[in-house]
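> My structure is below; once you've seen it, I'll send some questions.
The values are calculated or read from the model by the stated rules, or taken from the named source; none is laboratory data. Because the structure is a prediction, the values reported are computed rather than measured. Cβ placement follows ideal geometry from the backbone for every residue including glycine, while neighbour counts extend to all protein chains displayed. Note: areas computed on protein heavy atoms with side chains; ligands, DNA, RNA excluded. Shrake-Rupley method; radii C 1.70, N 1.55, O 1.52, S 1.80 Å.
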Amino acid sequence: MIIGHGGNKQDLAGALGCDIDQIIDMSSNLNPLGPPKGIEKFICDNIAKIRSLPLPDAAGMRKGFARFHNIDESRVVPGNGTTWFIYTIPKALGAKRVLITGPTYSDYQDACIMHGVEYTYHFAKAENNFIPDLDEVSSLAQKADIVFICNPNNPTGALVEKQRIESLLQAHKDTLFVLDESYLPFVENAEEFSFIQDTGYKNVLVLSSMSKIFRIPGLRTGFLIAEPSIVEKIMDYYQPWSINSLAQAVIEHIFKFPEKIEPFYRETRDYIQKEKNYFYNGLKDAKGIHLIDSSTYFILACLTEGQDAKTFCEKIGQHKILIRNCSNFQGLSEQSVRFSLRKREENHQLLTCIKQALQNG
C-alpha cells in the first residue's frame, strides 16, 4: 500500500500544534461544493438504520444506478467503494499479466502485488501533458490480460478521448480493459467519454464512484459495470452485507430523485471551470512551477529551479494548508505536487502561499 495518500490532516495538525479543523485540506480529491443539499440531514435522520443488517446484495443501490443510467441490472455490481473492485478484479478474472497506464493511482499495482499477478506500466510523459501514447499502450496490451486506464487520470487530470479508447477495445478483443471513471462526473460533457451505457463492447469493465462527486467518501460506495458473464465472475468473490445500511440508504435516496442529479453535476462543473481558470491565471507568470492542463478540479504541478515536493509541501503546510506530495507516484519526479481546488477564499489563500514559497526559494 502506498504511504502518503492525500488527506493526512491529523499529521499536519500535530506538527503545527493546532486543531485539526484549522487545516485546509487541498490534498484530497473531493467535490469542492460538498455533498448535495439535504444529504447530511438525510444521514442524521436515518442514523437508526445502523441498528439493522443491510441488504446482503445492496439490491436497492443496484436498481437505482441501473435506472438512472438506463442499463440492465445484470450489468451492475454495487460495491464498498471502487477500491474493493480494483483489488478483486485481478483474482476474480484470473489475470496473469496486467498493464497499468501511469503515473496513476497506486492501488492498481497493489492489487496485482496482493494476488501475485505480474504487472507492467506505460508511463505517459509530462511533455505530452501526461496523455498516454496509445500506440505504445496497444503494443503492450498484446501481452496483457487486463489493462487499467483511469480516465480522467489521478493525479495528472489527463483525459483520453472515447474514440481513442474504442480503437484499443477493437484491436484487443481478448484483453479486458478496466476504465476507472471515478472522476468523470466532474468533466464537461462527461457522457461523451463514458462507457457505462456502451453494451457493444464485451471486454470493458467500468468503475463508477459515488464518493468523489457527492463528497461522501466515508460511506464507501461505488459500482462496477460490465457484461453479465464478467459480473458473474466478480460476484463469486462478493461478500454479503459488504455495504452498510446507511450507505445503501443514502445512495438509494440520491437515485430516488434523478431530476436533482444532473443540475448538481452542472453546478459542480461550472464552479470547477471558474475556479480552475482563476487558479491557472493566478500562476501563469510564476517562475519555478509548471501547471499541467487538467480536465478536472485537481491540478498536478511540476516544480522547477531546484524546488522539491517535500520541502515545498512543508512550506505550504506552515500556512495550515495541506497539499499532495506526488513524488511517491511511480512515473513522477521529486518535483511533483497536486492541488485540489476548494472555495474561492481557500484557492486564493493557496495561490498567495505558492507565490510566497516560490519567491523564497
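> What do the square roots of 5 times the Cα gyration tensor eigenvalues come to for the chain, in whole Å, largest first, as semi-axes of the equivalent ellipsoid?
Numbers: eigenvalues 208, 137, 70 Å².
Semi-axes, largest first: 32, 26, 19 Å.
> Also: Whenever you get a sec, line up His122, His290, His319 from highest to lowest accessible area (probe 1.4 Å, protein heavy atoms).
Numbers: His122 5, His290 100, His319 65 Å².
Per-residue accessible area, sorted high to low, gives His290, His319, His122.
> Have a look at the DSSP beta bridges in segment 145-239 and tell me what percent are antiparallel, nearest 5. Show your work: numbers first, answer last.
Values: 4 of 13 bridges.
Here the share of antiparallel DSSP bridges comes out near 30 percent.
> Step by step: find N for segment 1-115, compute 2.2 N^0.38 Å, then divide the Cα radius of gyration by it. What's the final number?
Values: Rg = 18.9 Å, N = 115, 2.2 N^0.38 = 13.4 Å.
That works out to 1.41 for segment 1-115.
> Can you tell me, using C-alpha contacts under 8 Å and at least 6 residues apart, the relative contact order of the chain as a whole percent?
Details: 650 pairs, mean separation 86.8, N = 361.
Relative contact order of the chain: 24 percent.
> Which value in Å is the Kirkwood Rh of segment 205-312 over different Cα pairs?
Values: mean 1/r = 0.0565 Å⁻¹.
That comes to 17.7 Å for segment 205-312.
> Would you work out which of Val160, Pro185, Ser138 lies farthest towards the positive end of the dipole of segment 131-289, given +1 charges on the beta-carbon of Lys and Arg and -1 on that of Asp and Glu, about the Cα centre?
The Cα lying farthest towards the positive end belongs to Pro185.
> Write down the Å³ per residue value for the convex hull defined by the alpha carbon atoms of segment 255-317. Don't jump to the answer; show the numbers that get you there.
Values: hull volume 7.0 nm³, N = 63.
With only Cα atoms used, segment 255-317 gives 111 Å³ per residue.
> Per residue, how large is the accessible surface of the chain? Use a 1.4 angstrom probe and give square angstrom. Working shown, then result.
Values: 16230 Å² over 361 residues.
Heavy-atom SASA per residue in the chain reads 45 Å².
> What spacing in nm lies between the two simple spin-label points modelled at Glu346 and Asp293, each 7 Å away from Cα in the Cβ direction?
2.8 nm
> Turning to a different aspect of this structure: Would you mind computing the Rg to Rh ratio of segment 130-280 from its alpha-carbon coordinates, Kirkwood style for Rh? Don't jump to the answer; show the numbers that get you there.
Details: Rg = 16.8 Å, Rh = 17.1 Å.
Reported Rg/Rh (Cα atoms, Kirkwood Rh): 0.98.
> Of Val187, Val117, Val178, which has the largest mean-square fluctuation in a 10 Å C-alpha GNM of the chain?
Val117
> What is the list of residues in segment 110-142 whose amide nitrogen lies under 17 Å from a point 7 angstrom out from the Cα of Tyr201, following Cα to Cβ?
So the set is 132-142.
> Distance in nm between label sites at Glu166 and Asp57, each 7 Å beyond Cα in the beta-carbon direction?
Here the modelled spin labels are 3.3 nm apart.
> Moving on to the next point. If DNA, RNA and ligands are ignored and the probe is 1.4 Å, what is the ranking of Ser211, Ser333 by accessible area, most exposed first? Let's see the in-between values first.
Numbers: Ser211 0, Ser333 55 Å².
Largest accessible area first, the residues go Ser333, Ser211.
> Note down, for segment 80-143, the three equivalent ellipsoid semi-axes (square root of 5 times each alpha carbon gyration tensor eigenvalue), biggest first, whole angstrom. Show your work: numbers first, answer last.
Values: eigenvalues 101, 41, 15 Å².
Largest first, segment 80-143 gives 23, 14, 9 Å.
> Tally up the carbon and sulfur contribution to the accessible surface of the chain as a whole percent, 1.4 Å probe, everything protein left in place. Numbers along the way, then the final one.
Details: 7740 of 16230 Å².
Looking at the chain in its full context, I get 48 percent from C and S.
> Could I ask something else about it? Which of Lys37, Lys310, Lys125 ends up with the largest GNM mean-square fluctuation for the chain, with Cα atoms connected below 10 Å?
Looking only at Lys37, Lys310, Lys125, the largest GNM fluctuation is found for Lys37.
> Restricting to the chain, compute how many DSSP beta bridges are antiparallel as a %, nearest 5. Walk me through the numbers before you get to the answer.
Values: 18 of 38 bridges.
So the antiparallel bridges in the chain amount to around 45 percent.
> Out of the trypsin sites (Lys or Arg not before Pro) in segment 194-224, which ones are loop residues according to DSSP with at most 15 other C-beta atoms within 10 Å? Show your work: numbers first, answer last.
Working: sites: Lys202, Lys212, Arg215, Arg220; in loops: Lys202, Lys212, Arg215, Arg220.
Sparse-neighbourhood loop trypsin sites (Lys or Arg not before Pro): Lys202.
> Let me ask something else. Show the residues, 5+ positions off or on another chain, whose built amide H is closer than 5 Å to the amide H of Ile131.
The answer is Lys125.
> Name the chymotrypsin sites (Phe, Trp or Tyr not before Pro) in segment 175-280 that are in a loop by DSSP and that have at most 14 other C-beta atoms within 10 Å, would you? Write down the numbers at each step before the final one.
On the way: sites: Phe177, Tyr183, Phe186, Phe193, Phe195, Tyr201, Phe214, Phe223, Tyr237, Tyr238, Trp241, Phe255, Phe264, Tyr265, Tyr271, Tyr278, Phe279, Tyr280; in loops: Tyr183, Phe193, Phe195, Tyr201, Phe214, Tyr237, Tyr238, Trp241.
Taking segment 175-280 and a limit of 14 other Cβ atoms within 10 Å, the loop chymotrypsin sites (Phe, Trp or Tyr not before Pro) found are Tyr237, Trp241.
> By average Cβ neighbour count within 10 Å, what is the ranking of 72-80, 12-20 from highest down?
On the way: 72-80: 19.8, 12-20: 12.8.
Sorting 72-80, 12-20 by mean packing, highest first, produces 72-80, 12-20.
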